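Asks: Sharing a structure, written as structure tokens. Questions coming.
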Amino acid sequence: MKLIKVAAGTLNQTPLAWELNQKNIIDCIKEADKQNVSLLCLPELCITGYGCEDAFYSWDLVEQAKESLLEIVQHTSGMIVSVGMPIRFNNKIYNTACLIANKKILGFVCKQHLPNYGVFYEDRWFHRWPAGMRDEIEIDEFRYPIGDLVFELSGVRIGFEICEDAWVANRPGRAMFDRGVDILLNPSASPFSFSKFVTRERFVIDGSRSFSCSYIYTNLLGNESGRLIFDGDSMIASDGNLLVSSPRFGYADFYVTSAVIDIEAPKVNHSQVKSPLGQGNWKVQALFDWPEVKPVAPQIAELEKFERGGYLKEEEFARAVSLALFDYLRKSRSQGFTISLSGGADSCACVALCGLMIRLAEESIGLEAFKQKLSHIKKIQNCQSVEELTKELIHSIYQGTENSSSDTYESAESLAKSIGATFYNVNINGLVESYKDLVEQQIGRNLTWETDDLPLQNIQARVRAPSVWLLTNLYNHLLIATSNRSEVAVGYCTMDGDTAGSINPIAGIDKFWLKKWLVWLETIGCDVKGKHIKIEGLNKVNSLQPTAELRPLETKQTDEKDLMPYEVLNSIEGAAIRDKKPPLECLLFMEALYEGRFERSTLANWVEKFFRMWSRNQWKRERYAPSFHLDSYNLDPRGWCRFPILSGGFEKELADMREYLEKGDRRKSRGRIGF
């Protein structure tokens, strides 16, 4: 048998942060060397960062990446290391993996399949490399092979599938199998979405089985560039068996996940499968002194405890957003978070997530490392507990009017106290009345709820923005916006009011599910090392009906009375926006989904209301604070969902739905008369 110790390196990188990215890579290589790893695979575009956007066009960016590469090469003594970077070749930019062996560059493998859907835009910056093609590139007067390559190092063949290459039907692994590859490396930058790790695991295991090889998959970690979250999911499989997988959502700069693989074992299966010889000039040969490795006990990867429980989505949401907030705070060099805490579900969820961020980070890396990673925040450096950190890092403010209830105040105060956040309480009724009086004097009449309902609601929300921005700026904090996905879809928000903020952690989550998550966080919580992190101060908000509290209390305003049941709203959004169904098809689907619960006429009214509100509120979606990508699709026009600001508003499609309903009513009427 021929045993090799291999590893996947997970990195938390930042676009264009040359020194930081280089340090993380070199530190990861050093840690792998301490663990006697011979082959280390690092993530896609890890030198530059994945989210460089149009900066990839910069000539200097590629030159800086080359400089970093040449420095990294000097730290690979006795190891084989794959690093991801862009390369300019024939004045085209390619997304490549560079393989280095014992301080020598062996060549550059180019990505063949580029994702250009949803949150991905790689076709904008990179070119696709044709399968089977090989060329040479000159770097610092040395020439290296580039293209579709397999590296043979003293009898061990190493091939590549770079991220998307493994997600397509005609994946390069098939050609790698024909070329007799022993190890397939997959350097990836695969953003988090709910349960996506299960899909990754399937194609890694299946790739190792189908291609009779060992498969090393690695990924980025953390909030790299603002919107995308990387969960750090890395794994190693061999011949259809998952040997090891990395922890996800960690707060360290890097992780090394290693395993011992048997190169010869998969060859038994390979030899039994009839396949053609690999054709073309694809082989790059080099010498490497593989160290002798002793056999190890059988390696069987296990899911983390939170992944084995019955609340996977709840756990993933809590961990992904908490990590994203931590990195956003760290990389923006801000001093903390400020939230306008109304006592409702949305703002309470945002405060709870900020509190979880501190708890989960401290559990992951410890208090001292937490402070060190936020070393730019001087006021926390003497904190000796999570509670002290929370008071400094999370500020909340309740801004009540005559339309605010004691219930929401108690909800806000109890949550802030339960996590230890700083809590302010101000009454803005006088400010609202001042604005109202100013306008009444100019227009020559009084504003009333009977004639001016929407303006009177909106002025309350807008008056809150200057106060919370002032408080935010006083402490150099980030202001958290608090609109959920359901409100984003229909524009049920006040622009420059409750939408004010630097980042919105819940814009990717619908209100129906968010309410259930808050109950879970209060009663069950995150499973961390056998204990559960709960926030029992959510008890009050979980007993309340969601309401904007912008109308007089006697009107008993609720969100669902203003809109429709959130459950139905989310179902319509999925059919209309994700599945691109016209109003009539949405209605038919809603009838099937909610049979016996709602009348057809009621569902039709809700479908029409959704399409009208969706169409007229695209301008709001264009102006929302950046949000995190959490699902397989989202409503962010910079990500998954582009829609015209001005449009026909589905008038023809809605007319078709109404005509269908009218014909159905006439048929029913004739049927009753005939009977």
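The values are calculated or read from the model by the stated rules, or taken from the named source; none is laboratory data. Everything numeric in this text was worked out from a predicted model, so none of it was measured. Virtual Cβ from ideal backbone geometry, glycine too; neighbours counted across all protein chains shown. Side chains included, ligands, DNA and RNA excluded: accessible areas come from the protein's heavy atoms. Shrake-Rupley method; radii C 1.70, N 1.55, O 1.52, S 1.80 Å.
Asks: What list of ³J(HN,Hα) values in whole Hz, one per residue of the range 318-324 in order, does the Karplus curve 6.51 cos²θ - 1.76 cosθ + 1.60 (θ = phi - 60°) give from phi, with Gly and Pro shown as x?
Replies: Along the range 318-324, the couplings run 4, 6, 5, 6, 4, 5, 5 Hz.
Asks: For the range 554-629, what is the accessible area per residue in Å², given a 1.4 Å probe and the full set of protein chains?
Replies: 46 Å²
Asks: OK, next. Relative to the longest principal Cα axis of the chain, at what angle does helix 453-474 sit, 0 to 90 degrees, rounded to 10?
Replies: Between the helix axis and the principal axis of the chain, the angle is about 50 degrees.
Asks: Return the whole-Å distance between the Cα centroid of the range 341-370 and the Cα centroid of the range 162-188.
Replies: Here the answer is 40 Å between Cα centres.
Asks: Another question about this same structure. What does the accessible area per residue of the range 96-172 come to in Å², with a 1.4 Å probe and no ligands, DNA or RNA counted?
Replies: Each residue of the range 96-172 exposes 39 Å² on average to a 1.4 Å probe.
Asks: Work out from phi, with θ = phi - 60° and the Karplus expression 6.51 cos²θ - 1.76 cosθ + 1.60, the ³J(HN,Hα) of each residue of the range 603-611, listed in order in whole Hz, and give x for Gly and Pro.
Replies: So the Karplus estimates, Gly and Pro as x, are 4, 4, 4, 5, 4, 5, 4, 4, 5 Hz.
Asks: Another question about this same structure. Here is the link list: K378/K531; K331/K534; K23/K331; K511/K561. Which ones come out longer than 20 Å on Cα distance?
Replies: Beyond 20 Å: K378/K531; K331/K534.
Asks: Which of the pairs K580/K609; K313/K580; K417/K540 have their Cα atoms more than 19 Å apart in this structure?
Replies: Values: K580/K609 17 Å; K313/K580 25 Å; K417/K540 12 Å.
Where the Cα-Cα span goes over 19 Å, the pairs concerned are K313/K580.
Asks: Separate question: What is the Cα centroid distance between the range 1-54 and the range 438-462, reported in whole angstrom?
Replies: Cα centres, the range 1-54 to the range 438-462: 58 Å.
Asks: Pull up the cross-link candidates among the aspartates and glutamates for K305, meaning alpha carbon to alpha carbon under 19 Å and not fewer than 8 places away within one chain.
Replies: Within the straight-line limit of under 19 Å, K305 reaches these aspartates and glutamates: E201, D231, D233, E314, E315, E316, E362, E363, D527.
Asks: Where does helix 345-365 land angle-wise versus the long Cα axis of the chain, in degrees 0 to 90, nearest 10?
Replies: The helix 345-365 is inclined about 30 degrees to the chain.
Asks: Charges on Cβ only, +1 for Lys and Arg, -1 for Asp and Glu, centred on the Cα centroid of the range 356-423; of L356, T401, L374, which one is farthest towards the dipole's positive end?
Replies: L374
Asks: A further question follows. Defining a contact as two alpha carbons under 8 Å apart and six or more residues distant in sequence, what relative contact order in percent does the range 171-218 show?
Replies: 54 percent
Asks: So, one more: Could you let me know the centre-to-centre spacing of the range 407-427 and the range 543-592, using Cα atoms, in angstrom?
Replies: 28 Å
Asks: Of I229, F151, G537, whose Cα points farthest to the positive end of the dipole of the chain (charges on the beta-carbon: +1 Lys, Arg; -1 Asp, Glu; origin at the Cα centre)?
Replies: The one lying farthest along the dipole's positive direction is F151.
Asks: Could I ask something else about it? Measure nothing but the geometry: give the 0 to 90° angle between the long axis through the Cα atoms of 196-210 and the longest principal axis through the Cα atoms of the chain, rounded to 10°.
Replies: Long axis of 196-210 versus the principal axis of the chain: about 20 degrees.
Asks: What number comes out for accessible area per residue over the range 393-544 if the probe is 1.4 Å? Units Å², please.
Replies: Heavy-atom SASA per residue in the range 393-544 reads 42 Å².
Asks: Could you work out what % of the accessible surface of the chain is carbon and sulfur, using a 1.4 angstrom probe and leaving DNA, RNA and ligands out of the count?
Replies: On the way: 14020 of 28120 Å².
Carbon and sulfur: 50 percent of the exposed surface of the chain.
Asks: If contacts are Cα pairs under 8 angstrom and at least 6 residues apart, what is the relative contact order of the chain in percent?
Replies: 11 percent
Asks: Next question, about the same structure. Below 8 Å between Cα atoms, with a sequence gap of 6+, how large is the relative contact order for the range 94-202 in percent?
Replies: 20 percent
Asks: By a straight-distance test (C-alpha under 12 Å), which aspartates and glutamates pair with K103 as possible cross-link partners, with residues fewer than eight away in the same chain excluded?
Replies: Output for K103: E71.
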